[in-house]
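Shown next, in structure tokens, is the structure this report addresses.
The values are calculated or read from the model by the stated rules, or taken from the named source; none is laboratory data. Predicted, not measured: the structure shown is a model, and the values here were computed from it. So basically every Cβ, Gly included, is an ideal-geometry build from the backbone, and we count neighbours across all protein chains shown.
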Amino acid sequence: MTYLNTSDTPDTAPRTIGMSVNDGALDSPVASRTVSVVSINDAPSFADSLGGRIAYTEQASPVVLAAGVTVSDAELSALGTYAGASLTLARQDGASPDDRFSARVDGSLGPLTEGASLTYDGTVLGTVTRNSGGVLTLIFSGGSAAQVSGVLREIAYANTSDAPPAQVVLGWTFSDGNAGA
């Protein structure tokens, strides 16, 4: 006999399974086993291409990085909040102090000021813990998958160098804050 639970967010309470056999006339005594279910932490996933090459023209307006991105995480969605999740953006070959991250102009994302609240559509979703030295780190204290995805879709990039590279590759690190499950 095997037991399979296919849920991304299973109930981890022990289950007692009983089994008996019948020889055509009589049932055997019930044999019981307790099954423990261990929840496995599913990694968050992105729907859209992230970390692709970003083209930026010197002295131009910031460019939105991933206007179509969505993020999902089975455990956080089941909880109904992305509290504890974090996002870090930095150039893959090493952060540059010339790299700047900001909110899309005329969007729903509030200013990305280091040490200030992270707001989206007027709702506080967390804190901008770092936006300097070419690194942006956002820590979420709440918000749904749709709100967090909205934040990610409105992050823009610029480079303040008088001779910026023609292209950069940015690394996106999204953590759901779950060490185990």
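Suppose we keep only residues that are under 18 Å from the mean Cα position of the chain (by Cα) and charged (D, E, K, R) within region 120-174. Which one would you say is farthest from SER61 (Cα to Cα)? Checked region 120-174; the qualifying residue farthest from SER61 (Cα to Cα) is ARG130. For the structure I just gave you, tell me whether SER117 is of a type in the set (Ser, Thr, Tyr), in contact (Cβ under 8 Å) with a residue 12 or more places away in the chain and either outside the structural domain of THR6 (by TED's automatic domain parsing) or closer than 30 Å to THR6 by Cβ (or both). No; evaluated as a whole, the condition is false for this residue. Listed conditions (1) at pLDDT below 95; (2) farther than 25 Å from ARG53 by Cα are all met by GLY115, apart from (1). Scanning region 56-66 for residues that are of a type outside the set (Asp, Glu) and exposed (fewer than 13 other Cβ atoms within 10 Å of the Cβ) yields THR57, GLN59, ALA60, SER61.
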